[in-house]
Amino acid sequence: MTAKRVRDLGEFGLIARLREQVTTSPRVVEGIGDDAAVLEGPGEGRLLLFACDTIAEGVHFLPDAAPEQIGHKALACNLSDIAAMGGIPRAATLSLGCAPETPVATVDGIWAGMRRLAAAFDVDLVGGDTHRSPAGLILSVAIVGEVERELYVRRGGAKAGHFVVVTGPLGGSVLGKHLTFTPRVREGRWLAERRLVSAMIDLSDGLASDLRQVCTASGVGAELFADRIPIADAATELAQTGPTASTALGRALYDGEDFELLATVAPELLDEAASDYLETFGERLHVLGRTTAGPQVRLIHPDARSQELTAGGFDHFG
Ligand code: ADP
Ligand code: MG
């Protein structure tokens, strides 16, 4: 009998296995399972958010990516996780893996990309670690933020009958957006402060996969309306010219790294949320589905045909 490999568990199975093996102290409000851990804060009524995300050459960016963009992405995907909790990012560290031959200009460029984004969101770069990487550049960023106890938004807060909304068009981010996106920190904070959303996640693994995370955590199912899913131009372009057969809708459902926020909104708050959001940000909050008693996540076509969405989406070991 061959030993079990991580591929046999998949990314989510592996995380579940690690999670089962820890118990946490009362200082932990939310441990493994959400976009960021939530810890009791030093101040009354405030909680600490804590998250980390790594990007690796050949996995999250190609060797020809501009160093500034690599640095930008490393911090942006971490900011996105704080955004998904409705929090305010405060400070980040960079653990950098590179080779002795890595040009200093590459490291300078990475740091410049991080510094620019950190300044834009008033985040301090406060430390890190440096190590040799035989397998290309690896950037591991850890981030802390804060949020008021009564405002933080979990993945698990959706109730059946809530609307599913998203902050922007989806799919095809591999054509460029995955390196250049602006994390939805302001939008996430705005939605949380006004208590407009019952659950929230940032879309890193793909709409179908990340909506399932919200549904599983909330104990609901969902229906996505195929004709309401906002499709990015890049998704259409990839569907027409990409190396593998795909449809633009398929790309919007399954492509990863859109880094938009996906949230659920109670029906009585939807009109206010949609109109105030448009007024504030000059962009639509797209309504693309509804949660159900569950547990399935289904795609509803305009002619009323429907299909269960498979668990597809990005799995690091799939
Ligand atoms: P995200 O895409 O929002 O960064 P992930 O899907 O990477 O979230 O992770 C889901 C949850 O599992 C998070 O709460 C994360 O902290 C946790 N997690 C992921 N990998 C590990 C690990 N190796 N050990 C412990 N917790 C992990
Ligand atoms: Mg996330």
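The values are calculated or read from the model by the stated rules, or taken from the named source; none is laboratory data. As the structure is a computational prediction, the values presented were derived from the model and not from experiment. Reconstructed Cβ throughout: ideal geometry from the backbone, glycine too, with neighbour counts over all protein chains shown.
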Within segment 38-48, tally of residues that are outside any loop (DSSP other than H, G, I, E, B) and touching a Leu at 6+ places or on another chain (Cβ under 7 Å): 5
Residues satisfying the stated conditions in segment 166-213, i.e. closer than 22 Å to E11 by Cβ, out of contact with any Leu (no Cβ under 7 Å at 6 or more places or on another chain) and of a type in the set (V, I, T): V174
Considering only segment 300-315, I want to know if a residue exists there that is touching a strand residue (DSSP E or B) at 6+ places or on another chain (Cβ under 9 Å) and of a type in the set (D, E). yes
Taking segment 209-221 and the residues there that are aliphatic (A, V, I, L, M) and within 14 Å of ligand 1 (Cβ to nearest atom), the one that is nearest to A252 (Cα to Cα) would be L211
Only one of L39, L14 is touching a residue at least 24 places away in the same chain (Cβ under 8 Å) and surrounded by 15 or more Cβ atoms within 10 Å (Cβ to Cβ); which? L14
Residue within segment 136-151 that is in a strand (DSSP E or B), in contact with a strand residue (DSSP E or B) (Cβ under 6 Å, 6 or more places away or on another chain), at pLDDT 95 or above and more than 22 Å from V185 (Cα to Cα) present: yes
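To keep it simple, each residue is scored yes or no on (1) modelled with pLDDT of 95 or more; (2) aliphatic (A, V, I, L, M); (3) within 16 Å of ligand 2 (Cβ to nearest atom); (4) on the phi < 0 side of the Ramachandran plot.
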| residue | (1), (2), (3), (4) |
| --- | --- |
| C77 | yes, no, yes, yes |
| S80 | yes, no, yes, yes |
| A83 | yes, yes, yes, yes |
| G87 | yes, no, yes, yes |
| A99 | yes, yes, no, yes |
| T102 | yes, no, no, yes |
| V126 | yes, yes, no, yes |
| P134 | no, no, no, yes |
Inside segment 10-58, can you point out the residues that are within 16 Å of ligand 2 (Cβ to nearest atom) and among the β-branched types (V, I, T)? I15, I32, V38, T54, I55
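Would you mind finding the one in R284, R305 that is out of contact with any Phe, Trp or Tyr (no Cβ under 6 Å at 6 or more places or on another chain), surrounded by fewer than 16 Cβ atoms within 10 Å (Cβ to Cβ), modelled with pLDDT of 95 or more and among the basic types (K, R)?
R284
Yes/no matrix, rows are residues, columns are (1) within 16 Å of ligand 1 (Cβ to nearest atom); (2) within 23 Å of N78 (Cα to Cα):
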{"residue": "G256", "(1), (2)": "yes, yes"}
{"residue": "L270", "(1), (2)": "no, no"}
{"residue": "A274", "(1), (2)": "no, no"}
{"residue": "L285", "(1), (2)": "no, yes"}
{"residue": "G294", "(1), (2)": "no, no"}
{"residue": "T310", "(1), (2)": "no, no"}
State which residue is surrounded by the most Cβ atoms within 10 Å (Cβ to Cβ) when the search covers only segment 49-84 and only residues that are in a strand (DSSP E or B) and more than 14 Å from ligand 1 (Cβ to nearest atom). F61
Only one residue in R189, R116, R155, R184 is surrounded by fewer than 16 Cβ atoms within 10 Å (Cβ to Cβ) and either basic (K, R) or within 30 Å of A266 (Cβ to Cβ) (or both), so which one is that? R116
Determine whether D233 is closer than 26 Å to Q69 by Cα and crowded, with 24+ Cβ neighbours inside 10 Å. no
